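What follows draws every value from the coordinates through simple rules; no lab data is involved. This is a predicted model, so every value here is computed, not measured. Ideal geometry is used to build each Cβ from the backbone, glycine not excepted, and the neighbour counts take in all protein chains shown.
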Amino acid sequence: MLITVTGGSGSGKSAYAEKRILDLGERERFYIATMIPWDKECRERIRRHRKMRQEKGFTTIEQYKDLEQLKLPEKKAGNKRAVLLECMSNLTANQMYGDGEKQDWEQKILFGVASLYNQTDDLIIVTNEVFSDGLKYHKDTEAYIKTLGRINCRLASISQEVTEVVYGIPVYLKGGGR
């Protein structure tokens with residue numbers, strides 16, 4: 001199953017996504033971390049997220065970009081597997097601004113999602129709602145917002161479930177949710 005979880009900053013989407021993985025039942029759990037620890041604020045957010053999932057049975061893999069290159073360990077026979085990708089907005093920014101050359105970022109990232117999805121039974125992708133403030137931005141930021149918007153639309157179209165978390169409350173946009 002492919003599940004997309006979105007929401008604003010600090011909305012509770014990460015906690016919801018982790019709970020959703022746990023609700024899937026017993027399985028191998030992987031957490032794909034995409035935030036580069038650039039500064040004190042990033043390191044603090046990473047620390048807080050690690051603490052949140054400390055005893056939830058996740059194996060953390062740091063993959064800041066090039067998702068298509070990620071190969072999960074060989075699956076144990078008879079076991080189910082769930083992956084939480086946290087988060088698409090970081091991955092997109094890392095990809096767009098971490099390589100010197102311009103590419104079709106949307107296709108590259110979606111190819112990476114497909115590759116990851118083929119390695120698991122369930123994939124939950126956390127992304128951010130960054131499209132509704134109505135402000136004007138620099139052209140590079142506008143390009144990022146538009147790319148992430150297209151990626152999120154594509155993820156929503158292929159996901160069995162789409163949930164927006166608002167003030168810690170899951171709002172089910174597609175599928176049943178929990």
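If I build a Gaussian network model for the chain, linking alpha-carbon pairs within less than 10 angstrom, which residue out of Asp66, Asp104, Asp39 has the largest mean-square fluctuation? The residue that fluctuates most here is Asp39. Annotation: Cα Rg of segment 61-171 relative to the compact-globule expectation 2.2 N^0.38 Å equals 1.15.
Close amide H contacts of Leu173 (hydrogens built in the peptide plane, cut-off under 5 Å, sequence separation of 5 or more or a different chain): Val162, Thr163, Glu164.
Considering only Thr141, Thr59, Thr127, the mean-square fluctuation computed in a Gaussian network model of the chain, springs between alpha carbons under 10 angstrom, is largest for Thr141. Checking the table Lys65/Lys139; Lys40/Lys102; Lys19/Lys51; Lys102/Lys139 against a 19 Å threshold on Cα-Cα, which pairs fail? From the list (Lys65/Lys139; Lys40/Lys102; Lys19/Lys51; Lys102/Lys139), the Cα-Cα distance tops 19 Å for Lys65/Lys139; Lys40/Lys102. A protection proxy built from the mean count of other Cβ atoms within 10 Å ranks the segments 161-172, 12-23, 42-53, most packed first, as 12-23, 161-172, 42-53.
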